[in-house]
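Data first, discussion second: the structure below is written as structure tokens.
The values are calculated or read from the model by the stated rules, or taken from the named source; none is laboratory data. In this text the structure is predicted, and so the values were computed from the model without any measurement. Positions of Cβ are backbone-derived with ideal geometry, glycine not excepted, and every protein chain shown enters the neighbour counts.
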Amino acid sequence: MDTSNLDIAYLALSAILFGLGGFGLLVRRNPLVMIMCVELMLNAVNLTFVTFGRMLDDISGQVIVFFVLVVAAAEVVVGLGLVVAMARRRPGATADDLRLLRG
Amino acid sequence: MLAHLASFAWDAPSVDLHALAPEIVVAATLVVVLVIDAFTGEEQRWAASSVAGIGLLVALVPVATLAYDGATRVMFGGGYVVDDYALVLKALFLLSGYVVVLLSTNYIAEGDYWEGEYYQLLLASVLGMMVMASARDLISIFVALELLSIPAYMLAAWRKRDLKSDEAGVKYYLMGVFASAVMLYGMSVIYGYTGSTLLAEIAPRIGELVTSEPIITLGIVFVLIGFGFKVSAVPFHTWAPDTYEGAPTPVTAFLAVASKAAGFVALLNLIYVGFWGRHDVYEPLMWVLAALTMTIGNLIALRQTNVVRMLAYSGIAQAGYILAPLAIAGSSPEAADQALHSIVVYLLIYAAMNLGAFAVVMAVARKTRSAEIDTFGGLFSYAPGLTVAMSLFLFSLAGVPPAAGWFAKIGIFQALASAGDTSGYVLAVVVAVNSVIAFAYYGRLMRVMWMDDVPDGDTTPIRVPTSITAALVITAAVTLVIGVVPGVLTHFTDPINLLALGR
């Protein structure tokens, strides 16, 4: 694999973004912010795919990004719908308030 | 110039319509259900469930003709394969989808929620599972996973004005998308270091990278963990009991059986076709996951007071048994063969017995409006048929002959022993100990049903709707017939072979 410093920098950036997203998902308690963190993780994945596609000189890295983008958009629509449905019944609820079901 | 252009001529990939026929039938049914919902009034809404059920059964016809034909059909450069393995699992997904439709019919019609959309989402999820059975490419595995998961998030939150259902949906969604993101990151690493998304092309390259690129290990672990969430392996199981309890019961049955089976199918595809050479990574990972999953699942199941939650933890424990053969799959081709067969057999039997158990819970809950274990007290005195059926399913889950579960469990033991090394034997002992623990809570529910008094003295018989009766007859018949004559099942599973494709 032909690697340049710029490619390595992009890979490091995407790893950091992915880590930030994962960390945010675990520590933040607002469901909307949690969805944004997941989006950050998915975009980090996109950046990785594009960088690897460039390093390998292979078009499929960019093709995958289209799939991930479309699926991520569909996922966010569903997620926001679920959060809105929940917020209507419990205004201002955080993830910690979701404890009707436990044991 | 012209010659240069000609070299760019695009030739369409050859599409084998016969091989895709089952998926096409399900997709067409999905459209029909949508149209029915849009153009009929309230009084014809029942048609949606009938059409969905018939569509799922019709899709079995091309599955049968493809199986009769017997040829392995490979499409899109090896990214989509229709072979005996894929066909057996497609039949499993279609049949369990049909049983879930039977279970849903009355439940959904009697609630004040939408019917057409429910069946449309259910069909979309089944379609995703069918694609998963054939997917041999990282992208198609990802798309299949999302096609089966996204409708499932909505189904879990179906009773949207109910706080518990909302909570079930949100928890399932957040854990699910987190798992997909982790899995995708793993896929991106694997793509970057092997230069391909085709599992068959990844397999030879991944073996060469063992020492030169340690980061590939991270990619494999991330991908496998992503599916660990899907099959609710401990420590990634936290969503499962909450979602199972809060979601509508037919959806719980669907998640516990079909969705979990789809996760295992993806794990099998990935490990057998793609990561085969890296058994130094997946064997220890699967060993730990399997041992943790069955032990913790069983121990928590012991102290549950709600039957649905107990079945959820029992399902987690069962997932541990199904993971166990993967811990020895890489030791030799013979062990791999045994492990593959034992897992597929277990998935098929697990679907029948678990759907049956949920069908009984639903039938009883129609009268008692509760799924607490106490409300099952004295069930035998007023619903002997349901009690016998439930006992059959519980015996099967515990692995007592003549119910089918014993055959599934023997297969797991045989696979673990076939490796002939210490790790296999130790894991077999763990499975055996866990089977004994599991008998405690299955036995407790049986004691309550047969021995205890009726809690409120209300012994009016339960009126079981026709559709639930049909689901019970199907699942009980499958459980009994396979338990008595396992050859009926092994006739279909024996020709299965996944390794041939990877090498």
| field | Count of the range B:192-223 residues which are hydrophobic (A, V, I, L, M, F, W, C), touching a Phe, Trp or Tyr at 6+ places or on another chain (Cβ under 6 Å) and closer than 18 Å to B:L268 by Cα | value | 3
| task | Return the pairs, sorted by first residue and then second, in which the second residue is among the acidic types (D, E) and buried (at least 16 other Cβ atoms within 10 Å of the Cβ), the first residue lies in the range A:24-37 and is within 11 Å of chain B (Cβ to nearest Cβ) and under 12 Å from A:V84 (Cα atoms), the beta carbons are less than 7 Å apart, and the residues are 6+ apart or on different chains. | result | none
| Within the range A:29-79, restricting attention to residues that are part of a helix (DSSP H, G or I) and polar (S, T, N, Q), which residue is nearest to the chain's Cα centre (by Cα)? | A:N43
| note | Screening B:S188, B:S196 for residues that are in contact with a helix residue (DSSP H, G or I) (Cβ under 6 Å, 6 or more places away or on another chain), in a helix (DSSP H, G or I) and either facing another protein chain (nearest Cβ under 8 Å) or not aliphatic (A, V, I, L, M) (or both) leaves only B:S188
| Residues located in the range A:45-79, provided they are facing chain B (nearest Cβ under 9 Å) and basic (K, R) | none
| For the range B:433-469, how many residues meet the condition of being small (G, A, S), under 25 Å from B:L311 (Cβ atoms) and loosely packed, with under 13 Cβ neighbours inside 10 Å? | 1
| remark: Filtering the range B:156-177 for residues that are more than 15 Å from B:D242 (Cβ to Cβ) and either more than 9 Å from chain A (Cβ to nearest Cβ) or at pLDDT 90 or above (or both) leaves a count of 2
| request: Select, from B:I468, B:I462, B:I474, B:I496, the only residue that is over 30 Å from B:V288 (Cβ atoms) and either in contact with a Pro (Cβ under 7 Å, 6 or more places away or on another chain) or modelled with pLDDT under 90 (or both). | output: B:I462
| task | Output the number of the condition that B:V15 fails; it satisfies all remaining conditions of (1) of a type in the set (A, V, I, L, M, F, W, C); (2) closer than 18 Å to B:T493 by Cα; (3) not in a helix (DSSP H, G or I). | result | (2)
| The listed residue being in contact with a helix residue (DSSP H, G or I) (Cβ under 6 Å, 6 or more places away or on another chain) and not in a helix (DSSP H, G or I), out of B:I482, B:I462, B:I437 | B:I462
| message | Residues that are touching a residue at least 60 places away in the same chain (Cβ under 8 Å), exposed (fewer than 14 other Cβ atoms within 10 Å of the Cβ) and not in a loop (DSSP other than H, G, I, E, B): does the range B:68-82 have at least one? | response | yes
| Odd one out for B:H237, checked against (1) modelled with pLDDT of 85 or more; (2) over 28 Å from B:E372 (Cα atoms); (3) outside any helix (DSSP H, G or I) | (2)
| request: Provide a single number: the residues in the range B:278-305 that are over 21 Å from the mean Cα position of the chain (by Cα), surrounded by fewer than 20 Cβ atoms within 10 Å (Cβ to Cβ), touching a residue at least 60 places away in the same chain (Cβ under 8 Å) and over 30 Å from B:E213 (Cα atoms). | output: 3
| field | Answer from B:G77, B:G111 - the residue that is more than 20 Å from the chain's Cα centre (by Cα) and either within 14 Å of chain A (Cβ to nearest Cβ) or of a type in the set (K, R) (or both) | value | B:G77
| query | Residues in the range B:206-216: is at least one farther than 18 Å from A:L25 by Cβ, touching a strand residue (DSSP E or B) at 6+ places or on another chain (Cβ under 7 Å) and modelled with pLDDT under 90? | reply | no
| field | Flag for B:G228 being away from chain A (no Cβ under 11 Å), in a helix (DSSP H, G or I) and in contact with a Pro (Cβ under 9 Å, 6 or more places away or on another chain) | value | yes
| field | In the range B:117-161, the residues that are touching a residue at least 40 places away in the same chain (Cβ under 8 Å), out of contact with any Pro (no Cβ under 8 Å at 6 or more places or on another chain) and outside any helix (DSSP H, G or I) | value | B:A135, B:R136, B:D137, B:A157, B:K160
